[in-house]
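Down below is the structure, laid out as structure tokens.
No value in this document is a laboratory result; all are computed from the given coordinates. Since the model is a prediction, treat every value here as computed from it, not as a measurement. Please note: Cβ atoms are built from the backbone with ideal geometry, for glycine as well, and neighbour counts cover all protein chains shown.
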Amino acid sequence: MNADISECITLAKAELQAARQKIATEISEYPTPISGCDAQFNHLLAQRQQVSAALEALTSLPHVPTPRQP
């Protein structure tokens, strides 16, 4: 992999981990009780899922499709 690309991926992972930590802090400090229809809290949960999915995509190995017949 190109060194520039590896550096970009490393920076992206660091930024996403920082974002995940910030979201986790916001969720833990959110005032209770939380109703099921609380739009702001649900938005935080959705953001947490998106950041986690992005981190998973950066850390997982890419899928390279191969033909079934040689």
Report, ordered by the first and then the second residue, all pairs with beta carbons closer than 9 Å, sequence separation of six or more or different chains, a first member in the range 15-37 that is under 23 Å from LEU55 (Cα atoms), and a second member that is of a type in the set (Lys, Arg).
ARG20/ARG48; ILE23/ARG48; ALA24/ARG48; ILE27/ARG48
Considering only residues that are surrounded by 10 or more Cβ atoms within 10 Å (Cβ to Cβ), assigned to a loop (DSSP other than H, G, I, E, B) and touching a helix residue (DSSP H, G or I) at 6+ places or on another chain (Cβ under 9 Å), which ones fall in the range 25-70?
TYR30, ILE34
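Specify the residue that is surrounded by the most Cβ atoms within 10 Å (Cβ to Cβ); the eligible residues are those in the range 6-24 that are touching a helix residue (DSSP H, G or I) at 6+ places or on another chain (Cβ under 9 Å) and either more than 21 Å from PRO62 (Cβ to Cβ) or among the polar types (S, T, N, Q) (or both). Break it down into steps so the answer makes sense when it comes.
Applying the first criterion (touching a helix residue (DSSP H, G or I) at 6+ places or on another chain (Cβ under 9 Å)) to the range 6-24 yields 9, 12-13, 16-17, 19-20, 23-24.
Of the ones still in play, those that are also either more than 21 Å from PRO62 (Cβ to Cβ) or among the polar types (S, T, N, Q) (or both) are 17, 19-20, 23-24.
Working: GLN17: 12, ALA19: 16, ARG20: 17, ILE23: 19, ALA24: 13.
Among those that are touching a helix residue (DSSP H, G or I) at 6+ places or on another chain (Cβ under 9 Å) and either more than 21 Å from PRO62 (Cβ to Cβ) or among the polar types (S, T, N, Q) (or both), it is ILE23.
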